[in-house]
Amino acid sequence: MGFFDFLTEEIAIDLGTANTLIIHNDKVVVDSPSIVARDRISGKIIAVGQEANMMQGKTHENIKTIRPLKDGVIADFDASEQMISLFIKNIPALKKKLFTPALRMVVCIPSGITEVEMRAVKESCERVNGKEVYLIHEPMAAAIGIGIDIMQPKGNMIVDIGGGTTEIAVIALGGIVCDKSVKVAGDVFTNDIVYYMRTQHNLYVGERTAEKIKIQIGAATEDLELPPEEMSVQGRDLLTGKPKQVQISYREIAKALDKSILRIEDSVMETLSQTPPELAADIYNTGIYLAGGGSMLRGLDKRLSQKTDLPVYIAEDPLRAVVRGTGIVLKNLPKFKSILIK
């Protein structure tokens, strides 16, 4: 292997429904929305990541924006492969190379994923020159990224709220003891907001605007200690067809998201009820850890804490917890061999 080692580059990928992150040499070198824009006529990819994200909802018929991943799994194999390949080509350190290096990759996947979906991820990576591709379950990666020592005989509960799926897992001894993967996450929140604006305000807003609302004033409960200011939202009036603007407060968003958050709460409760008693005792002491972009929703930690009567902690930089964990696994492959899915 010796000679090829210096031709092999190591990368860690968090292939997410909403964002894709890549770590190379301990640095996050790619952090972009998982979206590509394709020219309908030539079939070529014209933009990827942030650039394609700007186009979303603003295209004419010759351009189509595609989100290759849906609910945490690959929905459009072709587009996902081109997207991964473009992201890898954009890594500054790999641009200087004369020929594309062989890649050793660790990629994370949702825990509720089927065999076929797993193969799709693997093949996507092999097609972009991945010589060794290792897979790791997302809640595992999140736990490692948060800084939990997962090899200990101690129970820890992770709730990772991503774009497509919410992953709930109880982890001990380097394995997942019980887990639940629900397809209620960031994307569903965004659609809830679109629906709420339509039904309550007769205002038709696009997905990007809804996402902006979610980030700027989104909330999980109506009683926040530090409420965000009202936000003005522009869209199309469904009655007159004219563009119009309305003022929205965080309370309305809390109402809009209530049902979806209830579903996440129920899944957390269900996972807790399946936890073996010894681990439940551990979780009583350690609490619940939140990771993923969805955990940044104002008041969500408080709401989960009231529901479960457990302390709830948000990971620092929750958007990158998973990719950080994947990066740590990549650096210590022999140590973490047992938790990888070959």
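The values are calculated or read from the model by the stated rules, or taken from the named source; none is laboratory data. Just so it is clear, the model here is predicted, and its values are computed rather than measured. With ideal geometry, Cβ positions are generated from the backbone for all residues, glycine too; neighbour counts draw on all protein chains shown. Keep in mind that these areas ignore ligands, DNA and RNA; they rest on the heavy atoms of the full protein, side chains included. Shrake-Rupley method; radii C 1.70, N 1.55, O 1.52, S 1.80 Å.
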Practice prompt. Sort segment 133-182 into rounded, prolate or oblate with this rule: let a ≥ b ≥ c be the square roots of the eigenvalues of the Cα gyration tensor; rounded if a/c is under 1.5, and if a/c is not under 1.5, prolate when a/b is larger than b/c, oblate otherwise.
Written response: prolate
Fill in: Efficiency of FRET between N285 and Q306 - r from beta-carbon atoms, R0 22 angstrom, step 0.05
0.75
Worksheet entry | DSSP bridge orientation in the chain - percent antiparallel, rounded to nearest 5 | 65 percent
Worksheet item: Is the shape of segment 133-275 best called rounded, prolate or oblate, per the rule: a/c under 1.5 gives rounded, else a/b larger than b/c gives prolate, else oblate, with a ≥ b ≥ c the square roots of the Cα gyration tensor eigenvalues?
Response: prolate
Discussion item. Please compute the per residue accessible area over segment 186-256 with all protein chains in place, 1.4 Å probe, rounded to a whole number of Å².
Written reply: 56 Å²
Response to the item:
For Cα Rg over 2.2 N^0.38 Å, with candidates [x] 1.08; [y] 2.05; [z] 1.03, the value calculated from the shown model is option [z]
Discussion item. How much length would be gained if the chain were fully extended between T8 and A93, taking 0.36 nm per residue of separation minus their Cα-Cα distance, in nm to one decimal?
Written reply: 29.3 nm
Worksheet item: Counting alpha carbon pairs within less than 8 Å and at least 6 residues apart, what relative contact order, in whole percent, applies to the chain?
Response: 18 percent
Discussion item. Using 0.36 nm times the number of residues separating R198 and K335, minus their current alpha carbon distance, what extension gain do you get?
Written reply: 44.2 nm
Practice prompt. Starting with the highest mean, order 335-341, 164-170 by the number of other Cβ atoms within 10 Å, averaged over the residues of each peptide.
Written response: 164-170, 335-341
Response to the item:
Straight-line reach check, K97, cutoff 15 Å on alpha carbons, 8 or more apart in-chain or any other chain, hits among aspartates and glutamates -> D5, E9, E10
Response to the item:
In the structure shown, of K96/K342; K27/K58; K70/K337; K27/K70; K95/K131; K64/K242, the pairs separated by more than 22 angstrom at the C-alpha atoms are K96/K342; K27/K58; K70/K337; K27/K70; K64/K242
Worksheet item: At a Förster distance of 30 Å, what's the computed FRET efficiency of R236 paired with E51, Cβ-Cβ distance as r, to 0.05?
Response: 0.75
Worksheet item: aspartates and glutamates within cross-link reach of K259: Cα-Cα under 12 Å, excluding same-chain residues under 8 positions apart?
Response: D192
Worksheet entry | 1.4 Å probe accessible area per residue over segment 292-342, in Å² | 49 Å²
Item to complete: With a point put 7 Å past each Cα toward its Cβ, work out how far E207 is from H60 in nm, to one decimal.
Response: 2.2 nm
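Just check segment 186-256 against the gyration tensor rule for me: Cα atoms, a ≥ b ≥ c as the square roots of the eigenvalues, rounded for a/c under 1.5, and otherwise prolate or oblate depending on whether a/b exceeds b/c.
Because a/c hits 1.5 or more and a/b exceeds b/c, segment 186-256 counts as prolate.
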Discussion item. Considering only protein heavy atoms and a probe of 1.4 Å, how much of the accessible area of the chain is carbon and sulfur, as a whole percent?
Written reply: 51 percent
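Please list, by residue number, every one of the GluC sites (Glu not before Pro) in segment 178-251 that is coil in DSSP and has at most 10 other beta-carbon atoms within 10 Å.
The qualifying sites are E225, E229.
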Item to complete: Enumerate the calculated ³J(HN,Hα) couplings along segment 325-341 in order (Karplus 6.51 cos²θ - 1.76 cosθ + 1.60, θ = phi - 60°), each rounded to whole Hz, writing x wherever the residue is Gly or Pro.
Response: x, 5, x, 5, 5, 4, 6, 10, 3, x, 5, 9, 3, 5, 9, 7, 9
